[in-house]
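The values are calculated or read from the model by the stated rules, or taken from the named source; none is laboratory data. None of these values were measured; they are calculated from a predicted model. As a convention, Cβ positions derive from the backbone with ideal geometry for all residues, glycine included, and neighbour counts pool all protein chains shown. The area values use the complete protein model at the heavy-atom level, side chains included, leaving out ligands, DNA and RNA. Shrake-Rupley method; radii C 1.70, N 1.55, O 1.52, S 1.80 Å.
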Amino acid sequence: MGKKIMIVGASFADKGSQAKLYVVIDELRKRFEDCQVYFAHNDEQLDGGLYRFGKFAFSKKVQSQVLKSNPLKSLTKMFHKKDDNPAAEKDVTELISEMDLMIDVSEHALTSQSPMADIEYYINNIKIAKKYKIPMIIMPQSFGPFDFGVDDMYILGTMKDILFYPKAIYAREQYGYDEMMGYFGLDNLRLAKDMLLIDNKFDLTNVCSRFYRPNIPEIAESDNVAIIPNAKFFDKKHYDNSFDLYKKIFETLKEAKKNAYIICQASSDMEICKELASNFRYLENVHLIEQEPDCVEFGTILKKFDFIISARFEPCVLAYRNFISVLAIGSGECYKEIAEPLGQENLCFDVLSDSFTSYAAIDALAGLIKDPDISKTRILTRMMNIQNEKTCFDIFNELKW
């Protein structure tokens, strides 16, 4: 019987998060063919017949029960849905106590910008690994800032006490590495590129069953640009500026005779995708991909575009991996730190910074339309060097199973 591995921190509602889950499972199966992988999900509705991994509900309530339970006694019964697999019939505490490894694939949970409940959930996973003596690896993700208010400062002490436990913690940006080292002085902290940037020759059969069939929408053959919005930039404070930016983007693409396809990368973005498509339908070049693609479909769709315009981080990573240019209009250090090594800093904008202007972004878009090969050549050349670097997946070789 193979080793049992539990993966936490992923969500099918976010296609970047789902892609990380898939890539980690693929890498594990390539190294440990008979391993048993379990996805600890937060009460998501999943069709068990489509996947080659186990899954069980691991909500905050269940997690709390597991953390409080006696490892020698089965106390936590799991109420699984019809779509869950037979492994779900086991007591959760018993199942977790049998794990040989826990892997966290979160995106950016450990920061003062996250709700305290999400931070505690993240920390409690590490506590569970420690309690049941399960080795743990935290895969590349963003960390910080840790600008907690007075009422929440206690969490820094909790983090300092528990973050020493994982075998390795990978920061994907220098900023996050420096924040973690500065606050906690960890000797298990490492720096690595985002795992989706690595071309690992992904094998879908390691993750999905023969019943899985991707559904790829029809897209015009040429002159296509993907638009990937982020709903958080359309809150009450930023709505007008964001709307104006997208208006300028669609108009610029219309003048260049480019088709603009709006794609939803996370379930939470679907409403704003529909709103943008409805408001700019009159331009005639604006189209909405109405289906919410999974990560496999999303990755395939991206390859059909000349370049993408993204307010989400993981589509930028997937595009770069496929040598596709990106106009990045998000916010955070992660965009800057992935764009600069690829020579793409002139196409990267922090839309929430005081210095940002929509005119600068449109000027960059005009340059990209005029001569896309400059950007693409830089990506191609520098990605070749990145692919030769050591990756976070090398940690699996250190397990010596």
Could you tell me the largest-minus-smallest coordinate of the C-alpha atoms of segment 343-398 on each of the three principal axes, in descending order and whole angstroms? 49, 29, 11
How far, in degrees from 0 to 90, does helix 358-370 lean away from the longest principal axis of the Cα atoms of the chain, to the nearest 10? 80 degrees
For the chain, modelled as a GNM with alpha-carbon contacts under 10 angstrom, which of L163, L283, L245 fluctuates the most? L283
Can you find, among Y132, I324, F148, the residue farthest towards the positive end of the dipole of the chain? Put +1 on the C-beta of Lys and Arg, -1 on that of Asp and Glu. Y132
I want to make sure I understand the PRE zone here: with the label point 7 angstrom from the Cα of K237 toward its beta carbon, which residues in segment 310-343 have backbone N atoms less than 15 Å away? 331-332
With Rg from the Cα atoms and Rh as the Kirkwood inverse mean 1/r over Cα pairs, the chain has an Rg/Rh of 0.97
Evaluated at 20 °C and 1.002 mPa s, the Stokes-Einstein D of segment 221-365 based on the Kirkwood radius over Cα pairs, in µm²/s, stands at 142 µm²/s
Estimated vicinal HN-Hα couplings, Hz - segment 314-330 in sequence order (Karplus 6.51, -1.76, 1.60; Gly, Pro = x): 4, x, 4, 4, 4, 5, 4, 4, 9, 6, 9, 6, 9, 9, 8, 10, x
Quick one: with all protein chains in place, what share of the accessible area of segment 142-296 is carbon or sulfur, to the nearest percent (1.4 Å probe)? 48 percent
Expressed per residue, the solvent accessible area of the chain in Å² (1.4 Å probe) is about 45 Å²
Between S353 and E271, how high is the FRET efficiency from 1/(1 + (r/R0)^6) when r is the Cβ-Cβ distance and R₀ = 30 Å? Nearest 0.05. 0.70
As a test of the formula, what do you get for the chain when each DSSP H run with n ≥ 4 contributes -39,500 (n - 2.57) and the sum is divided by the residue count, at 222 nm and rounded to the nearest 500 deg cm²/dmol? -11500 deg cm²/dmol
Interchain or long-range residues, amide H under 5 Å from C208's placed H: R52
Compute the acute angle (0 to 90°) between the alpha-carbon long axis of helix 15-31 and the principal axis of greatest extent of the alpha-carbon atoms of the chain; round to the nearest 10°. 50 degrees
Please list 3J(HN,Hα) in residue order for segment 116-122, calculated via the Karplus relation 6.51 cos²θ - 1.76 cosθ + 1.60 where θ = phi - 60°; whole Hz, with x for glycine and proline. 4, 4, 5, 5, 5, 4, 4
Quick one: what are the phi-derived ³J(HN,Hα) couplings along segment 345-355, Karplus 6.51/-1.76/1.60 with θ = phi - 60°, whole Hz, x for glycine and proline? 4, 6, 10, 10, 10, 9, 6, 9, 6, 5, 7
Centroid-to-centroid separation of segment 219-286 and segment 325-372 [C-alpha atoms, Å]: 16 Å
Segment 123-272: translational diffusion in µm²/s, Stokes-Einstein, Kirkwood Rh over Cα pairs, 10 °C, 1.306 mPa s: 80 µm²/s
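Please say if segment 221-276 is rounded, prolate or oblate, where rounded means a/c under 1.5 for a ≥ b ≥ c the square roots of the C-alpha gyration tensor eigenvalues, and otherwise the choice is prolate for a/b larger than b/c and oblate otherwise?
Working: a/c = 3.37, a/b = 1.45, b/c = 2.32.
Verdict is oblate for segment 221-276.
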Taking N as the number of residues in segment 305-401, what is its alpha-carbon radius of gyration divided by 2.2 N^0.38 Å? 1.21
Given points 7 Å out from each Cα along the Cα-Cβ axis, report the E94 to I219 separation in nanometres with one decimal. 4.7 nm
